[in-house]
Each structure stands twice: as structure tokens, then as C-alpha cells.
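The values are calculated or read from the model by the stated rules, or taken from the named source; none is laboratory data. The structure displayed is predicted, hence computed values, not measured ones. We place every Cβ from the backbone using ideal geometry, glycine too, and count neighbours over all the protein chains shown.
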Amino acid sequence: MKASLDVFSAEPIPGAAQPEVKELLESGDLFRYTSDFGSSVSNLEMEFSEFMGVSFSLAVNSCSSALFLALKAIGLEPGSKVLIPAFTFAAVPSAVVHAGCLPVLVNVSDNYRIRLDEFENKLSEDVGAVIISHMRGHTSDMDVICRLCEERDVPLIEDAAHSLGTTWSGQKIGTLGRIGCFSFQSYKLINSGEGGMLVSNDADIMARATIMSGAYEHNWKKHPGMNGRFSFWQNKLPVFNMRMSNITAAIVRPQIKEVARRVKEGRVNHDYVAKLLNDSEWLHVPPSLDKELRAPDSIQFNLCGFESDADAEAFQRRVGEKGVEVKIIGLSEDNARAFWNWKFISQQNDLLPTKSMLMRACDVRLPVRLKKEDLDYIAAVIVEAADEVKGVSCLAD
């Protein structure tokens, strides 16, 4: 048996980051506002704005902070309802709760994308905002979602933590809504350990978010392009201190140039494994939507014909014994992507379709750095484990 594959090591930090990090460590200049202009963080914001094709970027300490600030910056009243997908990471409903709002969950289909009919029905007059999580990089139909939000004048926030480099009809994910939020956590396409980014073309929203992120007193003057709105909002908003440090920014900056390569190689890896898995009668990898060009660093697939939890758990166990880790989201204890584990929100009783899907939805990391022989082994192990379990199960029947 092959030794366990390491699919959890993060993408390596480019050597180009080392001189800037070394200089910062020697100077002790880690606070973004120490210098008037040209700090590592402000340079990153300008470079990320150019990369994304947006007017403004705000670097923060996590995507969770970006989501929280996005909700605060659009000025929601306490108790406002925020629509979110029922399949997302716990950080999303957490951001809604932290912002003093109420998360309303919308079912997703077996392809992990939001159910549009239910979304439209739940997009009522008392909904203050929508967060669309492109969960694990799966893009819902953004044409429909954007149109409905625009028609009803509901702010749309994109949780693009898993979708840096993904496009929809050629437009970069994270730029379709009013605000886009990104993650630089270790398992994301850009790795700085922790870190996030908030982007928008709305100067007023970004001025509010910037002040609340920790640009107290007159530090907002070090953010170009929004000075008129800054002076209006100064001292009218609470400060939450969610800034990014110069060290984090120095680690992120050279990786922006790596995004295109990582996206291309990640898509090749994903599609190669998907084809191998889809050859099995027991496994199904949902296809991308026509207008979606994904940037995956993981693969999700559904177990087919696994009626019992015992069979699904046996499959998960056999894969692990062969050195590959597969997480069945609904059967993994305390999984933060399973909505019933979010005990900090009120129970919602209409989510059986999503729960049923998650009970057979499998999640496997496929880092860009994996080689063909690694991909072949991962796929072979998954297919063989499914055949073994279903063969035994069928014989027992």
C-alpha cells in the first residue's frame, strides 16, 4: 500500500517574498500605517485591484473579517435577514451573526449550487442582503442571482474564498456583486497562513469598510481615491481592528503572479480525476455550468447507490486505509460545512434536500502541486473502495 499522500501541505511561498519579509523583520515595520505611503499592504491593495479589475481593495486579516465588514459597510439594520446557501463554511453564518443579522439558509442541489426557485421565493422584502458562497469553487447561476438582486435592490456579496481565478462569462468571480471577499488562508490558491481581501467599485462602501477595519484617526488618508467619503464617515463608525500586517502582504504579493498558472494546473488536475471517477457507476462529479470556468484545488463527488450510512462510512474508511483522505461532509463528525452543526443559529426546518446531499457528498483536496501518478493513485483508490464496498453490499443483498 502506498504511504498516505500529503494533500494538506499548503502551496509553497515563492522565494521572491523573502527579501521583502527579511527587510520588514529587520526594520520592525510591520504595521501598515507606519509609513505614509508605499507600505507592503497598500502596495498589495493596488496590485490586487489591478489584477481583479476593480476600483478598490481592502486587505484584512481573514475572509471572515471581509464578510463581516461587507455586511457592516452596506449599513444593515440589526436583525436584518441575510440569505446564504445552506452549503457553505461556518464562517459565513458566523459573519452574519457577528454583524447582528439573521442568516436565512437556502437549499442547494446535488451539484452544490443554490436552488434558484427557492432563492427567488426567499428573496422577500425583509431580506437586507445576500451572500452567495461559491462553495468549494462551485459557481451558482450568477446571471439569475444578479438579476434578482438588482430587480429587488438587495446588495449582493460574493464569498469568493474558494474562487480566486474563477470566471463567469469571462468576468472574474468576486466582481459580479457589490462586494467580493477573498481568502489567503493556507489551503487557498494564495497562501499567507491567514489573510483576506475585500473588493468593490463603490467608494462609499469601501470608505466605511476601511474605517471599520481599523483606519482610525487620520490613517484613512493613506487609502487613495475615497477621501471625500472618509471625511464624511470619520468618527461615525466603530473600529474593529481587522487590518492585515505588512508581513502577510509581503507573502501574498508575489503569489498574485502565480495565480494564472495555479488555476490552469488545478483545473487540469481536477478534470483528469473527475473523468476517472465518473467512469464508476458509484461516483458522480457534477459538471461545471456552461458560463463557469473554475479554478479548483479540490474535488467533490457524490456517492451513487449508497443507500445506507454504513456503506458510505465503510467507503470512507477503506479509502483512508489506502492512504487517501476522503471526507463525506454529512458523515464527518462536527464538520463545519454541515449546517446542522451550526448551533449558534436558529434551527431551520426546510433544509432536507441539502442535508440529504451532504450525507453522500465527498470532499478531497487536490493541490496544484500533485503529479499525474498521485492523481492516478487517488482516483484508483476511490474507485476501488467504492467497488469493494458495493460489491460486498450487493452480495449481502
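Some points to look at:
- Unique match (being surrounded by 18 or more Cβ atoms within 10 Å (Cβ to Cβ) and over 21 Å from Val7 (Cα atoms)) among Leu366, Leu358: Leu358
- Tally, over the stretch 312-328, of residues that are on the phi < 0 side of the Ramachandran plot and either in contact with a Cys (Cβ under 6 Å, 6 or more places away or on another chain) or in a loop (DSSP other than H, G, I, E, B) (or both): 5
- Within the stretch 193-239, the set of residues being part of a loop (DSSP other than H, G, I, E, B), within 15 Å of Asn43 (Cα to Cα) and either among the polar types (S, T, N, Q) or in contact with a Leu (Cβ under 9 Å, 6 or more places away or on another chain) (or both) comprises just one member, His223.
- Within the stretch 335-353, tally of residues that are assigned to a helix (DSSP H, G or I) and in contact with a Ser or Thr (Cβ under 9 Å, 6 or more places away or on another chain): 2
- Search result, residues across the stretch 325-349 that are over 15 Å from Ala90 (Cβ atoms), out of contact with any strand residue (DSSP E or B) (no Cβ under 6 Å at 6 or more places or on another chain) and modelled with pLDDT of 95 or more: Leu331
- Trp340 passes every criterion in (1) within 25 Å of the chain's Cα centre (by Cα); (2) over 23 Å from Ser183 (Cβ atoms); (3) touching a residue at least 40 places away in the same chain (Cβ under 8 Å) apart from (3).
- Condition met for Asp363 (within 20 Å of the chain's Cα centre (by Cα) and outside any loop (DSSP other than H, G, I, E, B)): yes
- Only one entry in Glu125, Glu118, Glu158 is crowded, with 24+ Cβ neighbours inside 10 Å and among the acidic types (Asp, Glu), namely Glu158.
- Strands (runs of 3 or more DSSP E) completely within the stretch 59-153 that count 1 or more residues being in contact with a Pro (Cβ under 7 Å, 6 or more places away or on another chain) and either among the small types (Gly, Ala, Ser) or not assigned by TED's automatic domain parsing to the domain that holds Ser39 (or both): 127-133
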